[in-house]
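To start, the structure itself, in structure tokens.
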Amino acid sequence: MVNLKFIENEISTVVFPSGTDVKKRHLTQDEIFILLKNHNKSDFDDWSNVLVPENPGDFDVELIHNSHFSGFVILGRIKKASLKFHDLELLTGIYSSCLKDVITGDDCVIRNVKYLENYRIGNRVILFNIQEMACTKHSKFGNGWLKEGESEDVRVWISVANENDNRAVLPFESMIAADAFLWSRRRSDKELMNRFIELTEVGNTKKLDTYGFVDDEVVIKNTTLLKDAKIGKCAYIKGAFKLKNITVLSSEEEESQIGEGVELVNGIMGYGCRIFYQAVAVRFVIGRNCQLKYGARLLNSVLGDNSTVSCCEILNNLVFPFHEQHHNSSFLIASTIQGQSNIASGATIGSNHNSRSPDGEIFAGRGFWPGLCSDFKHNSKFASFVLVAKGSYQHELNITYPFSLCAFKAEGEPVTIIPAYWFLFNMFAIARNNYKFKKRDKRAVKVQNIETDPLAPDAMQEVLVALDRLILLTRDYLKKIGEESVMKASTEEEELQAAKDYLHQNTDADFTLFDPDCQKKYGATIFKPVKAYKEYRKILKYFAARSIVEYCKSNNYPKFSKEVLEKIEKIGLFEKWLNVGGQVIPEIKINQMCDKIKAHEINSWDEVHAYYDSCEKNYELYKVRYSLYILEKLYSRSVLEFTSEIWADIVGDVTIVSTDMYQDSIYSRQKDYTDPFRAMTYESQAEMDAVLGTIGDIDFLRILREQTESFNLDLRVILDL
């Protein structure tokens, strides 16, 4: 039953907001006469509720027609002119509209706005063909605030990463993926959780005096409903269906747009975003430079910067930057996806629970790429840059091998894993990754720091774990076949060393390993463990050597001398790293930050973001110190004890990796131009070149060649010890 109330209003004296009557005046009798002649109406017979600019030349009363003024109305400059946006050109003024408790800026167009209440309108704004545009006194514009007298149950939470609400976060205007990640993961720290709420409430007056806001040079047209909306500068909204309790962040440098049929409720839309074509978002935070379109549905989720989502459904997720999901059948639910990811058509990520409550979740590191029509069971976890082949994975997965390929074989059998697959068979993707994402980053202001290089400390620590796992499983395999060197060992340490020696000495050995921990019940078969072990070690050396070279170059050290080494060793060593919303930060630094928040040394989210920035400024130092640690792990001795032969081995392996990245990239792309099956749909080579271009047109390969030559030269010069 509709709860419709009938209220008899008595018109009382109008009260203007404090300070808004400066340089304003009441209407003259002549102006009131013209307003009435042009079919305008006020709730006050004397029109005392309307204020206009003091300067007579700034108010042309003839530009107001067929409109109704209720409450207070304070108008900015209205003089004969027009505003043009694309093909739409309209005369400034107010036409066929109803205004209540509204303040307008200069040179605005308000035409066919059937109901406009409690808004502040900026300068040079077009409001055209809007059914309802109103703001309540208690609006939060998508922020997770409370106003005076409100109870906790009216807060708007976003239930990211898990459907049971126990990882929920409060949205706020400046939220980035890093904030949501920390809030969603550190749930056992109740004091920290309470402090996060306090940080979110900073700046909230709690007073019931809120008004809607439309900033300068905004265009809103052909829209059904705007309720409790805050619209940033230069935003463009056309044909939207419902915009309710939201903030649309926009600026001259990062203009945001909302298109036809869009429905946005309870959320924050980031700078430079594009949301079009019947897309729906409810309880959300969308980062900078994102696109949501073609019927996409984003519910109870935080979407990181530079992401594109269309046609699909995303529910209860925390998604880091550079996420791609384009297909109508793609479904992502109750997951934390750490960015640089691509969800294929038909992929069902976390649809089926295996408990009596919806409390399952999936966690995937950077570079997660499930194949067509893949589906997974809660709970599952994936290391960085895991490529999952098409298949229906009926049991929980824990893929701890980064840069691997995971493939489904048959129901009731182990899955197949090829560790280091990307390095063995798809080096082009690794080489192009950093270039590709940097080119796609269109943010004018980069609050969220994003590591786009696949070979970063977060992935390298996973490689170290994978190496140890391969040695352990090789030990078990050698014991099973009765390998003499392992059987003679008297301690576990000696057994593992024997397995490590076997992997080093038998580079052509071809056997498989069994890892029982990768899939519930049936485990996984590990293919090409010797090659993977070798590639993992090479990549670790490459990362370490590159970090040293970059450090020496940025500090103008011509050689990696003993003095430089001693300086690096004085830097604090951090062995554990976290991907925090896309930024790679030592775990202990995050722990220290959380301690500062609890100690009230950090008291706002802006200060939290400043802390992230301080970590980013020292990132090169942290990396180069970690690089020495990696080299010492690989060679089981201090860097100070490295011989010239060891350094030569490092330079040799790193040069091979660097050169292979370029040559394999060339080879991978050449196949696209020389494969007869690629060419068979074209009548001639000229037609194929016109459609596909040539390999010489690929700018990335030219840049990669120059970078490879430069790096190999720097490597030989700086590490020629």
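A short reminder: the numbers here are calculations on the coordinates, not readings from a lab. Please read all numbers here as calculations on a predicted model, not as lab measurements. Heads up, the Cβs are rebuilt from the backbone with ideal geometry, glycines too, and the neighbour counts pull from every protein chain shown.
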Item to complete: Only helical DSSP H runs with n ≥ 4 go in: add -39500 (n - 2.57) per run for the chain, normalise by residue count and round the 222 nm mean residue ellipticity to 500 deg cm²/dmol.
Response: -10500 deg cm²/dmol
Worksheet item: Residue separation times 0.36 nm, minus the C-alpha to C-alpha distance between ASP476 and ASP501: what's the value?
Response: 7.6 nm
Worksheet item: To the nearest 20 debye, what is the magnitude of the charge dipole of the chain about its Cα centre, counting +1 on the Cβ of each Lys and Arg and -1 on the Cβ of each Asp and Glu?
Response: 420 debye
Worksheet item: What's the exposure ranking of VAL309, VAL14, VAL465, going from fewest to most Cβ atoms within 10 Å?
Response: VAL465, VAL14, VAL309
Discussion item. I want to check the label-to-label distance for LYS617 and THR20. Put each point 7 Å from Cα in the C-beta direction and report it in nm to one decimal.
Written reply: 4.2 nm
Discussion item. What whole-number distance in Å separates the alpha-carbon centres of segment 671-708 and segment 429-485?
Written reply: 30 Å
Response to the item:
Going fewest to most other Cβ atoms within 10 Å around each Cβ, CYS594, CYS373 line up as CYS373, CYS594
Discussion item. Classify segment 330-412 from the C-alpha gyration tensor, please: rounded if a/c falls under 1.5, else prolate or oblate depending on whether a/b exceeds b/c.
Written reply: rounded
Worksheet item: What size of dipole, in debye to the nearest 20, comes out for segment 419-483 about its Cα centre when the only charges are +1 on Lys and Arg C-beta atoms and -1 on Asp and Glu C-beta atoms?
Response: 460 debye
Fill in: segment 579-721 shape via C-alpha gyration tensor axes, a/c threshold 1.5
oblate
Worksheet item: Tell me, what ³J(HN,Hα) does each residue in segment 423-429 have, in order and in whole Hz, if you take phi through Karplus 6.51 cos²θ - 1.76 cosθ + 1.60 with θ = phi - 60° and put x for Gly and Pro?
Response: 6, 7, 10, 8, 5, 4, 5
Worksheet item: Do any trypsin sites (Lys or Arg not before Pro) in segment 493-544 lie in a loop, going by DSSP, with at most 15 other beta-carbon atoms within 10 Å of their beta carbon, and if so which?
Response: LYS521
Discussion item. Can you give me the Kirkwood hydrodynamic radius for the chain, using every pair of distinct Cα atoms, in Å to one decimal?
Written reply: 29.0 Å
Item to complete: Filter the GluC sites (Glu not before Pro) in segment 36-114 down to the DSSP loop ones having no more than 16 other Cβ atoms within 10 Å, then list what survives.
Response: GLU54
Worksheet item: Short version: what are the Cα gyration tensor semi-axes of segment 588-641, square root of 5 times each eigenvalue, largest first, in whole Å?
Response: 33, 12, 6
Response to the item:
Residues whose modelled amide H sits under 5 Å from the amide H of VAL109, counting only those 5 or more places away in sequence or on another chain, are GLY93, VAL125, ILE126, LEU127
Worksheet entry | Point-charge dipole on Cβ atoms (K/R +1, D/E -1) for segment 70-229, about Cα centre, debye to 20 | 300 debye
Item to complete: Write out the GluC sites (Glu not before Pro) in segment 143-244 meeting two conditions: DSSP loop, and at most 11 other Cβ atoms within 10 Å of their Cβ.
Response: GLU148
